[in-house]
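What follows is a short report on a single structure.
The values are calculated or read from the model by the stated rules, or taken from the named source; none is laboratory data. Predicted model, so just to flag it, every value in this text is computed and none were measured. Cβ placement follows ideal geometry from the backbone for every residue including glycine, while neighbour counts extend to all protein chains displayed. Just so you know, the surface numbers come from the protein's heavy atoms only, side chains and all, with ligands and any DNA or RNA stripped out. Shrake-Rupley method; radii C 1.70, N 1.55, O 1.52, S 1.80 Å.
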Amino acid sequence: VPSVWFESFGRTALDMISCGLPVITTRIGGICETNLENISGLNVDPKDSSQLAHAILQIINNDELREKFSKNARQRAIDIYTFKKTTEQFINFFDKIID
C-alpha cells in the first residue's frame, strides 16, 4: 500500500492483515499504525521507489520473514480489529466519556 497521500486509517492494509498477508505501507498518516514495522510487514518512505523495491524483495526472498509477518499480521487482526474487539473499544470509550 504505497500511498503518497495522508490516510487516516488504511482499510486496504487492514484487509491484507486480516488475511494474514505481509504488508508494505508508507510512513504517512495512520496507515503505518495498522501495519507495524517488522511485526506485520514493512514501512517505507512515501515516493521512495528504491525503498519500496527493497522492501518487496526482502519479503519475496525471505521465507522466514514472510511467514513471521503473515502469522503476526493475522494475530494482530484477531487481537485488535475483529467486530467484537472494536465494539468493546467503542463501548469503553463511551463509558469513559459518560463517567
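For residue 60, what accessible surface area do you get with a 1.4 Å probe? Give it in Å², rounded to 10.
Surface accessible to solvent at residue 60 totals approximately 100 Å².
Counting only heavy atoms of the protein chains, get the accessible area per residue of the stretch 23-87 (1.4 Å probe) and round it to a whole Å² value.
Accessible area per residue: 58 Å².
Mind telling me which of 89, 51, 75 comes out most flexible in a GNM of the chain, alpha-carbon contacts under 10 Å?
89
Quick one, could you list the DSSP H helices from the chain stretching 15 Å or more along their long axis (Cα atoms) with average Kyte-Doolittle hydropathy of 0.5 or above? Please report the intermediate quantities before stating the final value.
On the way: long enough: 49-61 (18 Å, 0.72); 63-80 (25 Å, -1.33); 83-98 (22 Å, -0.15).
Qualifying helices, which must be both long enough and hydrophobic enough, are 49-61.
When the helices in the chain are scored as -39500 (n - 2.57) per DSSP H run of 4 or longer and the sum is shared across all residues, what 222 nm value do you end up with, to the nearest 500 deg cm²/dmol? Walk me through the numbers before you get to the answer.
Working: 5 runs with 59 residues, N = 99.
When only DSSP H runs of four or more count, the value is -18500 deg cm²/dmol.
Pop out the carbon and sulfur fraction of the accessible area of the chain as a percent, whole number, probe 1.4 Å.
Here carbon and sulfur together make up 59 percent of the probe-accessible area.
Which residues' amide hydrogens lie under 5 Å from the amide hydrogen of residue 20, considering only partners 5 or more residues apart or on another chain, with H built in the peptide plane?
Placed amide hydrogens put 74 under 5 Å from residue 20.
Within a Cβ distance under 15 Å of residue 15, other residues only, what is the Lys/Arg minus Asp/Glu net charge?
Net local charge, residue 15 excluded: +2.
So what is the diffusion coefficient of the chain in µm² per second by Stokes-Einstein at 4 °C and 1.567 mPa s, using a Kirkwood Rh over Cα pairs?
92 µm²/s
Would you please give the residues with an amide H less than 5 Å from that of residue 42, counting only those at least 5 places away or on a separate chain, with H modeled from the backbone geometry?
23, 24, 25
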